[in-house]
Every structure is written in C-alpha cells, then in structure tokens.
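Since every read-out is calculated from the coordinates, none of them should be taken as a lab result. Note that this is a predicted model, so its numbers are computed, not measured. Backbone-built Cβ (ideal geometry, glycine too); neighbour counts: all protein chains shown.
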Amino acid sequence: MLKPTVLLKHESGVTAQWYDEPNNRMMMAIYSPVGDRGKYALSQIAGPWSGVVKVDENDPKTWAPYIIPGFERERTYVLDQAELLLLCINADYGGMAALKSIFPGPIIGFDQ
C-alpha cells in the first residue's frame with residue numbers, strides 16, 4: 001500500500017515517512033523525546049488528511065487542526081505502523097532487529 005521511505009533519528013526526535021507513489025503523497029509520523037532515558041512518544045501523524053480551519057484568515061490564533069475526510073484507510077495504516085515503530089524504538093532489547101523486520105526502508109541515525 002504505502003512504501004516506507006525513511007526512518008530517521010535526529011536531534012529533535014525521530015521521523016518516519018511513507019510514500020504513496022500512485023498518488024504522489026507523503027505521510028509521516030513524528031516522535032518526540034520523553035525524559036532523559038532515550039524514550040520517545042508519538043506526537044503527530046500527518047498526511048493528505050491534515051488540514052486547518054481558518055476562522056479568521058488573518059489571525060493564526062483562530063486556526064484549528066482539521067481532519068480532511070476521505071483518507072481514513074491511509075490514516076489508519078500510518079497510525080498502526082507508527083505505533084508498531086514506537087514499540088520498537090522504545091524497546092530495551094531487540095528493538096533494532098524488530099525495526100528492520102517491520103520497516104524495510106532506510107533506517108538512519110540509530111545505533112546499530
């Protein structure tokens with residue numbers, strides 16, 4: 001369905017990306033560090049379903065997130081995969097092997 005593009009650990013957290021080639025759409029999951037033990041929390045998923053309602057176009061304080069209907073299948077898939085990746089990222093033992101088994105795309109920035 002969606003092609004795993006990259007799983008990247010960087011100074012601000014971890015980002016996972018999937019690409020929907022037939023429709024030329026990118027989807028991602030963003031993980032933020034929690035505490036000082038190297039653990040992460042899933043902080044956001046984004047894709048073609050991500051939108052903003054602008055009550056007042058000139059006042060960003062009035063803008064609110066909005067989920068655009070019609071992308072339920074993609075959104076569910078990315079959320080499901082993002083939660084599996086989170087379990088692997090936070091694993092104390094065997095996490096890298098598990099990551100490689102469920103995310104066949106490039107995995108960058110993790111200790112091997």
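Numbers below:
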| item | result |
| --- | --- |
| Where the Cα pairs of the stretch 25-77 fall when distances are cut into 5 Å bins, in % | 4, 17, 18, 16, 17, 15, 9, 3, 0 |
| Contact order normalised by residue count of the stretch 17-112, Cα under 8 Å, 6+ apart, percent | 20 percent |
| Sorted by Cβ neighbour density within 10 Å, fewest at the top, the residues MET28, MET1 | MET1, MET28 |
| Net dipole in debye of the chain [+1 Lys, Arg Cβ; -1 Asp, Glu Cβ; about Cα centre; nearest 20] | 160 debye |
| Förster radius 30 Å - calculated FRET efficiency between LYS100 and MET1, Cβ distance, rounded to 0.05 | 0.95 |
| 222 nm mean residue ellipticity, helices alone, for the chain (DSSP H n ≥ 4; -39,500 (n - 2.57); rounded to 500) | -7500 deg cm²/dmol |
| Alpha-carbon centroid distance for the pair the stretch 32-56 / the stretch 61-95, whole angstrom | 9 Å |
| Kirkwood-based shape ratio for the chain, expressed as Rg/Rh from alpha carbons | 1.03 |
